[in-house]
1. Kindly write out, for the stretch A:145-154 in residue order, the coupling ³J(HN,Hα) from the Karplus curve 6.51 cos²θ - 1.76 cosθ + 1.60 (θ = phi - 60°), rounded to whole Hz, with x marking Gly and Pro.
2. Explain nothing, just compute: Karplus ³J(HN,Hα) = 6.51 cos²θ - 1.76 cosθ + 1.60, θ = phi - 60°, for every residue of the stretch B:70-75 in order, whole Hz, x for Gly and Pro.
3. Is the C-alpha gyration tensor of the stretch A:325-382 telling us rounded, prolate or oblate? Criteria: a/c under 1.5 is rounded; beyond that, a/b larger than b/c is prolate, otherwise oblate.
4. Within a Cβ distance under 13 Å of residue B:65, other residues only, what is the Lys/Arg minus Asp/Glu net charge?
5. Determine the sum of side-chain charges near residue A:169: Lys and Arg each +1, Asp and Glu each -1, restricted to other residues whose C-beta is under 13 angstrom from that of residue A:169.
6. Along its three principal axes, how long is the protein assembly as shown when you only count alpha carbons? Whole Å, largest extent first please.
7. Give the relative contact order (percent, whole number) for the stretch A:91-279; include only Cα pairs under 8 Å separated by 6+ residues.
8. Determine the shielding of peptide A:137-144 by partner chains: average, over its residues, the number of Cβ atoms on other chains within 10 angstrom of each Cβ.
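Nothing in this text is a laboratory measurement; each read-out follows from the coordinates by a stated rule. Predicted model only: the values in this text are computed from it and were never measured. Because the Cβ atoms are built from the backbone with ideal geometry, glycine has one as well, and the counts that use them run over all protein chains shown.
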Amino acid sequence: MRLRRRALLLAAAGACLAPRVRALQAPAEAAGAQPLLGALPGKLPLIQRAFRPPNFETPLAELAAPFTPNPVFFVRYHLPVIPWIDPARWRLQLGGASARAPLTLSLKELRGGFEQVSLAAVNQCSGNRRGLFSPRVPGVQWGDGAMGNARWTGVRLRDVLRRAGVAPEALEVVFSGADSAVLPQTPLFVKSLPLERALDETTLIAFEMNGQPLPHWNGAPARLVVPGWTGTYWMKHLTEIRIEPRAFDGFWMKSAYRLPTGAFPGARFASQETPETTPITEILVNSLIVSPRAGALLPRGKPAAVSGQAWDGGAGIAAVEVSIDGRRSWREAALGRDLGRFAWREFRMPLDTSSAGPLEIAVRARSRSGAQQPDKLTFNPSGYHDNIVQSVRVEVL
Amino acid sequence: MRSLAAGVALLLALPPGAPAAPAEESSELKDAPGRDLTVGRCILCHSLEYIPGNAPAMNRAAWQKSIQKMRERFGAPITDEEAKQILDYLDANYSGKAS
């Protein structure tokens, strides 16, 4: 019993100290430790990266489905005070220095006053896979599951903004949510979008996710959906939208969620850019091997396949290629149903299990814009945009 | 540490697919000089898993930067003397990255 306890303690300690293994798991799991699972009210057990503010990650196996079910969809907050909102009493304020006709909308008015639209889109946290970064960087140590794909239903932000009257000098649209901090000095989580992105027909104020009212932990009763852009812009529990003639200078725009200027492709956010840094914007082309898991043992002669998801920032996926020989040769995988250019696309390729031995399976996706996943990580201090080609090692026996 | 081992044992004992316990706040940090002060100041705004969770990415310089961010950006009520004690505690117990 003593020995057993000691072994467990060593396993737990090893989670922090073992050298990093580049695999489809955050380091703690790669070192053999079980991730801590916890269930928030209304959610199934998710990987508990932090309890307060809540940061819960979707387990890898749950990312196999075309649409990630609401009870397993990841949860990400910056601030710890998160009110449960009565939809009947919720109000959305629209105003700002460049709004000609400020107004307030109830949920009923929002749902009934504008054309309703649905679209499928990946919601991916900017810091997804930060826990796989090399060298390691501070922040929530996410594995692969700070993302999911859902069908979002709501109204176009641009229809609502037009109702509020967009003045010609408008530059940015600024979004606030209901979550708040303990200390008055802590900056509230407030984000902005360039006007042109706010007016894009795909930017929604959503009140449904996968045909159900938005779950509390995913932004009830209404949240922003910015298909193709990382999750930081998808403001949850929306309370206020301001149309402004100046660049918003809050902490979460000016200091957080920034990349070295020019280091990555993707839309530019000109009003927020400096010579040194620029806001993260679009999701880069990427893929995820969901099955087999790293280290899986595949019975010889039994049919097997590699499968997972591929996605990008809205061009859509053109092809997914698989290598089983250490990235020397590549073959195209079969693609699943096209759910829309902002959704992920399932890929699948049978594996030859006729002879025993190790297999190194690598997967790389290419978008319709021609962008392809890189082999090498572009380091940045906040650990964003890890879209390098991943591989898993398995054994046929 | 005993309860950590018990917790790990409990997790390992769960059959796959078994419902996990409702999520709860961790209040465990390593018992060493400076722990109570660290717990007292940090827990005001966030649960403590952020500390061991970040350990693999942290060294003394990174903890110093983190404490500075909490004080200057987020308004954490920590004096200079307390900041030094918290830094010593975090560095001694939760620095998993080479300096």
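1. x, 8, 7, x, 10, 9, 9, 9, 10, x
2. Karplus-based 3J(HN,Hα) across the stretch B:70-75 equals 4, 6, 7, 8, 9, x Hz.
3. Because a/c hits 1.5 or more and a/b fails to exceed b/c, the stretch A:325-382 counts as oblate.
4. The answer is +3.
5. Result for the neighbourhood of residue A:169: 0.
6. Sorted from largest, the Cα extents of the protein assembly as shown read 70, 60, 45 Å.
7. Details: 398 pairs, mean separation 46.8, N = 189.
About 25 percent, as a whole number.
8. 4
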